[in-house]
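Since the structure comes first, as structure tokens, the remarks are kept for the end.
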Amino acid sequence: TYSLSQELESHSGAVRTISITDNNILLSGSWDTTCAIYLFDPKDHRYVLDKTLAYHSRPVYCSCAMLDSKGFFTGGDDGKIFAIDVIGNPLLMFEGHQKAVNSLSQCIPTEFASGSWDGTCRVWDVETGKCKHILGDHSHAVSVLTLPNGMLITGSQDKNINFWNNGQKVATFQAHGDIIRDIIPIKDVGFATCSNDETIRMWDMSGKLLQTLKGHNGFIYGLSQTSLGEIVSCSEDNTVKVWKNGAFTDSISHPATIWTVKVNCFGDIVTACEDKSVRVFTKDPVRMASEVQQAEYKNKCIAKSASKLNAVSYTHLRAHETSLHLVCRLLLEKKKT
């Protein structure tokens, strides 16, 4: 099972996104509008904060490592996307989205794709910063996945999965019972999706449903995959789950909602949490936190779990909602009951 390795507390707001390059440089993006870059210290077996960056004017919602591991793309509530190098220098800004950018994906060196609350996916030229395609016909926040063959897969609040080729939609089908939150490639299988309907679904590249994974008790916000083929998921139920052969084999508790989960080059799980922390979990005793630190973390999770009962959680925000919309909707739902 996974144990706590370290906690990184460099942000003053919820951590919404993390990305990791192949050479193990870690980036986090936060509600506090900043990004942070961490370098891995091989002697101490820990990530160390290198610098904090402030180039977005609004909360940072998404990121992805560049294919060549020479930098990152980040997107935020300001509707802008930035390309930065691994030492934090902004290289190029991509403008065009009318609302927050919530999803980024790159699988071809010359282009990448973004999804936005404006209901569109955009394909961008990496060198010029120009938009090559605008893919519409979505509902609110759009999740994107690029493929090596140039095709794109998108999902949104309309519950549909869409296949695109050269800017044209070639197939669509209903995939979930609620908002599609994330789409990831699954080696030798196809792809996986997760949703507010609390399920993870595995698909082949023809769109055939292969498996539905159930075990979370809340919206599922993100997915990743280990080198051993295990699926890793994160949820507003304050857990990260590790799945193998259709069942979860490990459940990692957190003190709050987990927005993003990634797996680094060591196979360690890295998470972005609502409580302003980035955490690393490992199976390797060399990188595990001390027994005292692990006990303290366990007690923190137990205390937060108890305090969460009967609390109003703003993580119930739909992808496009403001907190005011949330309060109005909860009041209406309470009135109906």
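The values are calculated or read from the model by the stated rules, or taken from the named source; none is laboratory data. Keep in mind that this is a model prediction, so the values were computed, not measured. All Cβ positions, even for glycine, are placed from backbone atoms using ideal geometry, and neighbour counts span all protein chains on display. Only protein heavy atoms, including side chains, enter the accessible area calculation; ligands, DNA and RNA are left aside. Shrake-Rupley method; radii C 1.70, N 1.55, O 1.52, S 1.80 Å.
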In the range 1-34, which residues are closer than 17 Å to R58 by Cα, open to solvent by 20 Å² or more (accessible area, probe 1.4 Å) and assigned to a strand (DSSP E or B)?
R16
Going through the range 101-130 one residue at a time, which ones are out of contact with any His (no Cβ under 9 Å at 6 or more places or on another chain) and within 14 Å of Q157 (Cβ to Cβ)?
N102, S103
Would it be correct to say that F281 is in contact (Cβ under 8 Å) with a residue 40 or more places away in the chain, crowded, with 20+ Cβ neighbours inside 10 Å and either closer than 23 Å to L213 by Cα or touching a helix residue (DSSP H, G or I) at 6+ places or on another chain (Cβ under 7 Å) (or both)?
yes
I'm trying to understand the selection: among the residues of the range 189-203, which are within 18 Å of T146 (Cβ to Cβ) and either of a type in the set (D, E, K, R) or in contact with a Pro (Cβ under 9 Å, 6 or more places away or on another chain) (or both)?
F191, A192
Count, please, the residues in the range 240-259 that happen to be open to solvent by less than 20 Å² (accessible area, probe 1.4 Å) and among the hydroxyl-bearing types (S, T, Y).
1
Which residues, taken from the range 35-56, are in contact with a strand residue (DSSP E or B) (Cβ under 7 Å, 6 or more places away or on another chain), under 16 Å from K80 (Cβ atoms) and open to solvent by 20 Å² or more (accessible area, probe 1.4 Å)?
Y55
Among the residues that make up the range 155-164, is at least one of them open to solvent by 40 Å² or more (accessible area, probe 1.4 Å) and under 28 Å from D268 (Cα atoms)?
no
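If only one of D137, D125 is under 23 Å from I184 (Cβ atoms), of a type in the set (D, E) and open to solvent by 10 Å² or more (accessible area, probe 1.4 Å), which one is it?
D137
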